[in-house]
1. Please work out which residue is nearest to K114 (Cα to Cα), limiting yourself to segment 1-49 and to residues that are aromatic (F, W, Y) and out of contact with any His (no Cβ under 9 Å at 6 or more places or on another chain).
2. I want to confirm something. Restricting to segment 54-79 and keeping residues that are small (G, A, S) and surrounded by fewer than 17 Cβ atoms within 10 Å (Cβ to Cβ), which single residue is farthest from I29 (Cα to Cα)?
3. Go over the candidates S55, S100 one by one and state the one that is farther than 16 Å from Y7 by Cα, more than 14 Å from the chain's Cα centre (by Cα) and not basic (K, R).
4. Pull up segment 80-119, narrow it to residues that are more than 19 Å from Y38 (Cα to Cα) and basic (K, R), then point me to the one that is surrounded by the most Cβ atoms within 10 Å (Cβ to Cβ).
5. Checking the condition farther than 22 Å from M101 by Cα, surrounded by fewer than 17 Cβ atoms within 10 Å (Cβ to Cβ) and modelled with pLDDT of 95 or more, which residue from G6, G34, G51 passes?
6. Take segment 63-85 and flag every residue that is within 27 Å of P2 (Cα to Cα) and either among the hydroxyl-bearing types (S, T, Y) or without any contact (Cβ under 8 Å) to a residue 60 or more places away in the chain (or both).
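The values are calculated or read from the model by the stated rules, or taken from the named source; none is laboratory data. Keep in mind that what you see is a predicted model, and the values were worked out from it rather than measured. All Cβ positions, even for glycine, are placed from backbone atoms using ideal geometry, and neighbour counts span all protein chains on display.
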Amino acid sequence: MPYVDGYLVPVPKKNIASYRRIAEQAGKIWREHGALDYKECVGDDINTKMGVPFSKSAKAKAGETVVFAYILFKSRAHRDRVNAKVMKDPRITGMCDSKSMPFDCKRMAYGGFKVLVDA
């Protein structure tokens, strides 16, 4: 059964270019280690009146937007294998200094999800 890791990250708008550079590198690394798909999506229409807006869910502050990201795997076991390799990759460990990240890592929401519908 396909498996997805999902992320919701508030990012200062002024840091989007820096975030994109890191995300592009990370995407290549995850794909090299076996992820089926990797997407990072920046907020465009996130202050909707229906439900809870992503900006509110992410507790985005003035001057911030929200990035919604997901990585697709064959299964949870596949995710666990891929992520173990990724976390040992020196390119990732070199990028993961929380002081130089273009966002506050402590405010990132993350979870693993079983695919319920794959239409």
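1. Y7
2. The initial filter retains those residues of segment 54-79 that are small (G, A, S), namely 55, 57-58, 60, 62-63, 69, 75, 77.
Of the ones still in play, those that are also surrounded by fewer than 17 Cβ atoms within 10 Å (Cβ to Cβ) are 57, 62-63, 75, 77.
On the way: S57: 28, A62: 32, G63: 30, S75: 18, A77: 18 Å.
Per the stated criteria, the residue is A62.
3. Values: S55 fails: farther than 16 Å from Y7 by Cα.
Of S55, S100, the one residue that is farther than 16 Å from Y7 by Cα, more than 14 Å from the chain's Cα centre (by Cα) and not basic (K, R) is S100.
4. R107
5. On the way: G6 fails: farther than 22 Å from M101 by Cα; G51 fails: modelled with pLDDT of 95 or more.
Of G6, G34, G51, the one residue that is farther than 22 Å from M101 by Cα, surrounded by fewer than 17 Cβ atoms within 10 Å (Cβ to Cβ) and modelled with pLDDT of 95 or more is G34.
6. Narrowing segment 63-85 to residues within 27 Å of P2 (Cα to Cα): 66-85.
Within segment 63-85, V66, Y70, S75, A77, D80, R81, V82, A84, K85 meet the criteria.
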